[in-house]
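Visitor: Input: one structure, supplied below.
The values are calculated or read from the model by the stated rules, or taken from the named source; none is laboratory data. Bear in mind that the values here come from a model prediction, so they are computed numbers and not experimental data. No Cβ is skipped: glycine too gets one built from the backbone with ideal geometry, and neighbour counts run over all protein chains shown. Surface accessibility is based on the protein's heavy atoms, side chains included, excluding ligands, DNA and RNA. Shrake-Rupley method; radii C 1.70, N 1.55, O 1.52, S 1.80 Å.
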Amino acid sequence: MKITKSKTLYKQALQLMPGGVNSPVRAFKAVGGSPLFIKSAKGSKIYDVDGNEFIDYVLSWGPMILGHAHPIVIKAIEKAAENGTSYGAPTQLEIELAKLIIKFFPNIEKVRLVNSGTEATMSAIRLARGFTKRDKIVKFEGCYHGHFDALLVKAGSGAATFGIPDSAGVPQSFAQDTITLPFNNIDLFKKTLQKEAQSIACVIVEPVVGNMGCILPSSEFLHVLREETLKFDIVLIFDEVMTGFRVSKGGAQEFFKIKPDLTCLGKVIGGGLPVGAYGGKREIMSLVAPEGPVYQAGTLSGNPLAVTAGIETLKILSKKGIYEKLESKMRYLEEGFKEISLKSGKKTRFYRIGTMFCSYFTDTEVYDYETAKKANTQLYAKFFLGMLNKGVYLAPSQFEAGFISTAHSEKDLSKTIDRAYEVLKKL
Ligand code: KE4
């Protein structure tokens, strides 16, 4: 595969931007080789600057659930842009997007739009601390909630990929109020709350962990989080930035029937433009400025262009049959991949829920950070590069989830399965 133009651009980018990228995981550090520079995308495909075509399972890390450049979304953005891109003043569009979000997530009584998942989670943490007047937070090892200081402690995603459980530049004073526990470990969670509850403001969790690959909660884990936090008036925050609209149309909280106090969203709700959101119980949200004393603001929050892309995306997702179609595509890929990996004799574990998935190169069950880290990342890197050379663009790290879209055709999926078999046989 010719990638000369990407290589030339990467050399230039390295002079101008840290690591030549604007987000670490894009640098291919975990899989080797130099990152492809993408020129365009349409439907299930992305095209690099050297003219190579790939079936895309990264989908901008989740947002492009309708595939790239969906005609209805693009048309709406073009039209909205003619009215200007940001006013720094309220618009009717924000009411429309807020209504759509609340329709999908009825546990959200009031919502605040922001510009990224990170802004959503860091604001939700501040709000929980303001509401409870307590300082400590509980998170789970390997879960990634964006790059907010207090949450970059044993984080997942890029941090897990680089094996940097904590980030440089985070003062000890910021990390000391963050308690990290193993995901799915009910005993340790209960014991910690027994001991520390009075000083804990919130528990934040990726209800399905998409930043250590794809790790499912045990049947009772999320219920225990809910029961125990209710006991001690601790705010339960579901970080559904990735799982929202992916695990099901109402996210993990709909799938597992859990009512968190606050929910963080991102990715899909911007339809590929920058939108994040946090919301939940009216009683808690009423503390957010200017209604209450918890300050949070944003120049471009709720800007008409990004909100338009979000509205159009959620309107299409509201249509009957969309999620049934996504489910059958995902099942096709799951069954196909499991069959060929068995046939290839390679030890893999494939996990998926809704339209997010991950295949670990390991022969033990993966249920938390420790077991995820046992996966053979070198083998994953070889698999990734093998698939890339066959025109399939997977997440450039074992510790990321893959995604499908409504634009992935059966032909795309069967090609992917066939090519995966060819690559696995050679590993
Ligand atoms: P952003 O600030 O990147 O919009 O969202 C942060 C975030 C919060 N919560 C969860 C569960 C997330 O998955 C994310 C961001 N996800 C990563 C992919 N693992 C974004 C990709 C990247 O960092 O480049």
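Visitor: Here are Leu193, Leu265: which of them is open to solvent by less than 10 Å² (accessible area, probe 1.4 Å), at pLDDT 95 or above, more than 16 Å from the ligand (Cβ to nearest atom) and touching an Asp or Glu at 6+ places or on another chain (Cβ under 6 Å)?
Guide: Testing whether each residue is open to solvent by less than 10 Å² (accessible area, probe 1.4 Å), at pLDDT 95 or above, more than 16 Å from the ligand (Cβ to nearest atom) and touching an Asp or Glu at 6+ places or on another chain (Cβ under 6 Å) leaves just Leu193.
Visitor: Still on this structure, I have one more. For the range 167-177, check the following and say yes or no: at least one residue is in contact with a Cys (Cβ under 9 Å, 6 or more places away or on another chain) and either open to solvent by 20 Å² or more (accessible area, probe 1.4 Å) or assigned by TED's automatic domain parsing to the domain that holds Val224 (or both).
Guide: no
Visitor: If you don't mind, another one. Looking at Leu66, Leu36 in this structure, which one is part of a loop (DSSP other than H, G, I, E, B), more than 22 Å from Leu333 (Cα to Cα) and open to solvent by less than 20 Å² (accessible area, probe 1.4 Å)?
Guide: Leu36
Visitor: Pairs only if they're at least six apart or on different chains, beta carbon under 8 angstrom, first in the range 12-37 and without any contact (Cβ under 8 Å) to a residue 60 or more places away in the chain, second within 14 Å of the ligand (Cβ to nearest atom) and open to solvent by 60 Å² or more (accessible area, probe 1.4 Å); list them, first residue then second.
Guide: Correct list of pairs: Gly19/Lys29.
Visitor: Out of curiosity, is Leu151 over 22 Å from Gly271 (Cβ atoms), open to solvent by less than 10 Å² (accessible area, probe 1.4 Å) and over 17 Å from the mean Cα position of the chain (by Cα)?
Guide: Judged against the criteria, Leu151 is not a match.
For (1) more than 16 Å from the ligand (Cβ to nearest atom); (2) at pLDDT below 95, each residue gets a yes or a no:
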{"site": "Phe337", "(1), (2)": "yes, no"}
{"site": "Tyr351", "(1), (2)": "no, no"}
{"site": "Cys358", "(1), (2)": "no, no"}
{"site": "Ala372", "(1), (2)": "no, no"}
{"site": "Met387", "(1), (2)": "yes, no"}
{"site": "Lys411", "(1), (2)": "yes, no"}
{"site": "Leu427", "(1), (2)": "yes, yes"}
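Visitor: Of all the helices (runs of 4 or more DSSP H) wholly in the range 355-427, which have at least 3 residues that are surrounded by fewer than 23 Cβ atoms within 10 Å (Cβ to Cβ)?
Guide: Output list reads 377-389, 410-426.
Visitor: If you don't mind, another one. Out of the range 125-148, which residues are among the aromatic types (Phe, Trp, Tyr) and buried (at least 23 other Cβ atoms within 10 Å of the Cβ)?
Guide: Answer for the range 125-148, where residues must be among the aromatic types (Phe, Trp, Tyr) and buried (at least 23 other Cβ atoms within 10 Å of the Cβ): Phe131, Phe140, Tyr144.
Visitor: Across the range 225-245, which residue is surrounded by the fewest Cβ atoms within 10 Å (Cβ to Cβ) among those that are within 16 Å of the ligand (Cβ to nearest atom) and part of a loop (DSSP other than H, G, I, E, B)?
Guide: So, considering only residues that are within 16 Å of the ligand (Cβ to nearest atom) and part of a loop (DSSP other than H, G, I, E, B), the one surrounded by the fewest Cβ atoms within 10 Å (Cβ to Cβ) is Phe245.
Visitor: Report whether or not Glu334 is in contact with a Lys or Arg (Cβ under 7 Å, 6 or more places away or on another chain), among the charged types (D, E, K, R) and outside any loop (DSSP other than H, G, I, E, B).
Guide: Yes, satisfied.
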